[in-house]
1. What are the pairs, 6+ residues apart or on separate chains, where a residue within segment 44-73 that is of a type in the set (S, T, Y) has its Cβ under 7 Å from a residue that is part of a strand (DSSP E or B)?
2. Hey, can you tell me all the residues within segment 146-163 that are part of a strand (DSSP E or B) and surrounded by fewer than 18 Cβ atoms within 10 Å (Cβ to Cβ)?
3. Could you please give the count of residues in segment 117-132 that are touching a residue at least 40 places away in the same chain (Cβ under 8 Å) and surrounded by fewer than 15 Cβ atoms within 10 Å (Cβ to Cβ)?
4. Kindly check whether there is at least one residue in segment 84-97 that is at pLDDT 75 or above and outside any strand (DSSP E or B).
5. Take the residues in segment 1-25 that are assigned to a loop (DSSP other than H, G, I, E, B) and either closer than 16 Å to A75 by Cα or among the hydrophobic types (A, V, I, L, M, F, W, C) (or both); name whichever of them is modelled with the highest pLDDT.
6. From the residues in segment 118-159 that are of a type in the set (S, T, N, Q) and over 22 Å from E69 (Cα atoms), which one is nearest to the chain's Cα centre (by Cα)?
7. For segment 26-52, enumerate the residues that are under 21 Å from T6 (Cβ atoms), of a type outside the set (G, A, S), assigned to a strand (DSSP E or B) and at pLDDT 80 or above.
8. Which of the residues that make up segment 18-31 are under 16 Å from Q53 (Cα atoms) and of a type outside the set (G, A, S)?
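The values are calculated or read from the model by the stated rules, or taken from the named source; none is laboratory data. Quick caveat: nothing in here was measured; it's all calculated off a predicted structure. Glycine gets a Cβ as well: all are built from the backbone with ideal geometry, and neighbour counts include every protein chain shown.
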Amino acid sequence: MRYVVTLAEEELVLDVEPHPEGGYVVRGPEGREARVAALSGGSGLVELLIDGQVVSVLPAEGEVRVRGERFTVHAENWQTRGPLRAKGEDQAHARAIAASMPGRIVRVLCEVGAQVEANAPVIVIEAMKMQNELCAKRTATVRAVHVSVGQTVERGALLVEFD
């Protein structure tokens, strides 16, 4: 089965197949493979053993934890993804950037009225001592900037809107 997984701001296409000895084989970009097995979990937490490394997933929260770092994650079945795109869901997401994690705004790289190119960084947010660039999904004009440098934001907070 093929899935489109959005991890933080990166989109990956993954093929998942059962492994004959249990668990799954996950093939990612450039043919890279990983063996995945589910471990015990509780309170909505699912722990996966991926090539010998434990990864904690909170499906209800849309969150993955790797080596103590937290990332937002969203997975869609390849077959059901097409109808969602047809409804314009992607265009709605492209008109705004929300915080993919709680953190502190380190840099604001755009201003109201500015034209930004697709994939250009517009906000840098620091979370757990790592800086993450949040990029425009399409070429657009900045309608509003809702944050400033030094401001702390929660996951899902609206940061920038585009026309």
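1. S56/E47; S56/R65; T72/E63
2. T152, L158, E161
3. 2
4. Yes: one or more hits.
5. Filtering first and then ranking leaves M1.
6. N119
7. Selection gives V26, R27, E33, V36.
8. Y24, V25, V26, listed by residue number.
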